[in-house]
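The values are calculated or read from the model by the stated rules, or taken from the named source; none is laboratory data. Just so you know, these numbers come straight off a predicted model, no measurement behind them. In this analysis, Cβ positions are derived from the backbone assuming ideal geometry, glycine residues included, and neighbour counts consider all displayed protein chains.
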Amino acid sequence: MSIYDYLDKDVFNKLDTGEVRKIQITGKSTYIISLPKKWVKDLGLKAGSQLIISKKDNQTLLITPKDIVKSLKPKGGLITISGNDNLDTIIRKIVSLYLVGYSIIRVKTRSEELSPLQRNKIKEFLRKKLIGAEVLSEDSKEIEIRILIGHPELSLENALRRACNIIISMYNDISVAIVQLNKDLANEIIRVDDEVDRLYLYIIRQLKAAVEDEKILEVSGLTNPRDCLGYRVIVKFVERIADHLVKIAENILLLEPPINDLIIKKFLEISMFAKNLFEEAINSLYKKDYVQADKVIYKAKSISIIENEFIKLIEETKGKNAPILRLMVESVRRTAEYASDIAEIVLNLNIEKNIDKSL
């Protein structure tokens, strides 16, 4: 997923700052504000249209048209490419439009035809990586993609839970795969990472929509747009954990029997430690539990000690698998560190519940 890293700083680079309007008074007890003319036109409003004004918990006012006349036409975007364009470049553009909420994405060539390789790779990517993306039509010069899934069908919470459950399953499968040197199971771990990637990109799309739409924000169970930024970082850590578990599975494929029983036992110990940290960090997120998150951070500090014990054991046995095993335990350590990072975000999201605001 490294080719998408540049999106991190762009998708949530700003929140809508709105426009400044002065409160005016008319009569003895009525306060009024004016609305920008462009806003009124964009929303299909006119004189006499009714608005609902709600006071929110975060000290803001929300103004919503009672009868929204705004067009429901899905947002569409066109990507123009040439036959020589790099496939990664094309895919990055598709992902960018997907993440910022486009429902129709057209990929069109300037003059020449789309090569069979380009068409097949684009369709393969859509199938493996983008939830709800379907090719509606295609010919030699154009592919039209529709995003057919909306926010109610797959909530942010359900998508995140699904991704985390897959990761827990990956941890468990790694334990079995190394004990049995089961290459089929190792390959299955690598394969299911595609599903984590799909959920990762979908969650980012949903978070971006929540930043811009108060209703989607409420359905997502988040309090304010700042929470979206915290969840954005968390889901990135979740995706990185899955990537490291894939690296472990790839290294299992390279191991040659026999492997010392003590090494296997120690690896299972550190892998279980990392898995438990991840589960506890995610549970602290679901429960908004500041205390549990703090405990995860404290426990994670011992991961380096366990890693060093494993490395020492490898050096003592001096087996041919030593370099591979060192890479594997390094990846396990990284997953534990990411679990600690998740817990830190949980602290940040819930700190206000644990302080005295009376000062």
Read through the list (1) outside the structural domain of Asn84 (by TED's automatic domain parsing); (2) not in a helix (DSSP H, G or I), then give the number of the only condition that Ile143 fails.
-> (1)
With the first residue restricted to region 34-57 and required to be more than 21 Å from Ile23 (Cα to Cα), and the second required to be part of a loop (DSSP other than H, G, I, E, B), Cβ contacts under 6 Å at 6 or more apart or on different chains are Leu43/Lys70; Gly44/Val69; Gly44/Lys70
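Mind telling me which of the residues Gln118, Gln206 ends up being assigned to a helix (DSSP H, G or I), closer than 29 Å to Ile81 by Cβ and in the same structural domain as Thr335 (by TED's automatic domain parsing)?
Numbers: Gln118 fails: in the same structural domain as Thr335 (by TED's automatic domain parsing).
Residue meeting the stated conditions: Gln206.
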Determine, yes or no, whether Ile167 is of a type in the set (Val, Ile, Thr) and over 25 Å from Glu214 (Cα atoms).
-> yes
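Confirm whether Leu7 is modelled with pLDDT of 85 or more and surrounded by 12 or more Cβ atoms within 10 Å (Cβ to Cβ). Outline the logic, then answer.
On the way: modelled with pLDDT of 85 or more: no; surrounded by 12 or more Cβ atoms within 10 Å (Cβ to Cβ): yes.
Spelling it out, it is not the case that Leu7 is modelled with pLDDT of 85 or more and surrounded by 12 or more Cβ atoms within 10 Å (Cβ to Cβ).
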Which ones in region 75-105 are touching a residue at least 40 places away in the same chain (Cβ under 8 Å) and not aromatic (Phe, Trp, Tyr)?
-> Asp88, Ile91, Arg92, Ile94, Val95, Ser96, Leu99, Val100, Gly101, Ser103, Ile104, Ile105
Has region 184-207 got any residue that is under 15 Å from the mean Cα position of the chain (by Cα), closer than 23 Å to Thr89 by Cβ and β-branched (Val, Ile, Thr)?
-> yes
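Select, from Leu285, Leu268, Leu349, the only residue that is modelled with pLDDT under 95 and under 21 Å from Ile167 (Cβ atoms).
Values: Leu285 fails: modelled with pLDDT under 95; Leu268 fails: modelled with pLDDT under 95.
Result of the check over Leu285, Leu268, Leu349: Leu349.
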Which one is modelled with the lowest pLDDT among residues in region 127-184 that are hydroxyl-bearing (Ser, Thr, Tyr) and farther than 23 Å from Ile81 by Cβ?
-> Ser155
